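The values are calculated or read from the model by the stated rules, or taken from the named source; none is laboratory data. As the structure is a prediction and not an experimental result, all values here were calculated from the model. Quick reminder, even Gly has a Cβ in these numbers, built from the backbone with ideal geometry, and neighbours come from all protein chains shown.
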Amino acid sequence: MNLGTRLFTWFRGREVGSDSAGNRYFEEKRAVAGRRARRWVRYAGSNEPTRIPPEWYGWMHYTLDAPLPEANRRPWQKPHLPNVTGTAAAYRPPGHDYAGGNRPASRADYQAWTPES
């Protein structure tokens, strides 16, 4: 968080809560007439927007008036995984240049379509 954001948070923000990752969520103390109060997050680590958990996502996007309680998580809900696009951990399908570039041979049941002349 840079100095300008820290000062804005200190003077005009009120903390709404925090999540299990340590991110802290803020809202304007007094909204300007005719528009919604601004909402922002102060990330605990890197400034990665995908680190906002589902409980807070709806609140950040003005879908919910209050964040969902974390205690209501279902057993089938997975923990957050960071966005790995552009890193060595990104998904690379078989035949991708970075995964060796060797595509499997086409299957025998495939027949290419050709138009009738």
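Exactly one condition in (1) surrounded by 10 or more Cβ atoms within 10 Å (Cβ to Cβ); (2) within 19 Å of the chain's Cα centre (by Cα); (3) within 30 Å of F8 (Cα to Cα); (4) modelled with pLDDT of 85 or more is false for E70; which is it?
Single failed check for E70: (4).
Of the numbered conditions (1) touching a Lys or Arg at 6+ places or on another chain (Cβ under 6 Å); (2) free of Cβ contacts under 8 Å to residues at least 12 places away in the same chain; (3) not β-branched (V, I, T), M60 satisfies every one except a single condition; which is it?
All conditions are met except number (2).
Can you tell me which residue within region 88-117, out of those that are in a loop (DSSP other than H, G, I, E, B) and acidic (D, E), is surrounded by the fewest Cβ atoms within 10 Å (Cβ to Cβ)?
So in region 88-117, the residues in a loop (DSSP other than H, G, I, E, B) come out as 88-96, 100-117.
Right, trim to acidic (D, E) and you get 109, 116.
Details: D109: 5, E116: 3.
Checked region 88-117; the qualifying residue surrounded by the fewest Cβ atoms within 10 Å (Cβ to Cβ) is E116.
If we keep just the residues of region 16-30 that are part of a loop (DSSP other than H, G, I, E, B) and touching a strand residue (DSSP E or B) at 6+ places or on another chain (Cβ under 7 Å), which is nearest to N72 (Cα to Cα)? Break it down into steps so the answer makes sense when it comes.
To start, the set of residues in region 16-30 that are part of a loop (DSSP other than H, G, I, E, B) comprises 19-23, 29-30.
Those left that are additionally touching a strand residue (DSSP E or B) at 6+ places or on another chain (Cβ under 7 Å): 23, 29.
On the way: N23: 19, K29: 28 Å.
So the residue we want is N23.
Select from region 31-87 the residues that are out of contact with any helix residue (DSSP H, G or I) (no Cβ under 9 Å at 6 or more places or on another chain), small (G, A, S) and in a loop (DSSP other than H, G, I, E, B) and write down the one among them that is farthest from V16 (Cα to Cα).
It comes out as G86.
Every residue, every condition in (1) loosely packed, with under 13 Cβ neighbours inside 10 Å; (2) aromatic (F, W, Y); (3) farther than 21 Å from L7 by Cα; (4) modelled with pLDDT of 80 or more, yes or no:
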site	(1), (2), (3), (4)
R30	yes, no, no, yes
A37	no, no, no, yes
M60	no, no, no, yes
P79	yes, no, yes, no
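Suppose the filter is among the charged types (D, E, K, R) and either at positive phi or surrounded by 15 or more Cβ atoms within 10 Å (Cβ to Cβ) (or both); does R51 pass it? Don't jump to the end; show me each part of the working.
Values: among the charged types (D, E, K, R): yes; either at positive phi or surrounded by 15 or more Cβ atoms within 10 Å (Cβ to Cβ) (or both): yes.
It is true that R51 is among the charged types (D, E, K, R) and either at positive phi or surrounded by 15 or more Cβ atoms within 10 Å (Cβ to Cβ) (or both).
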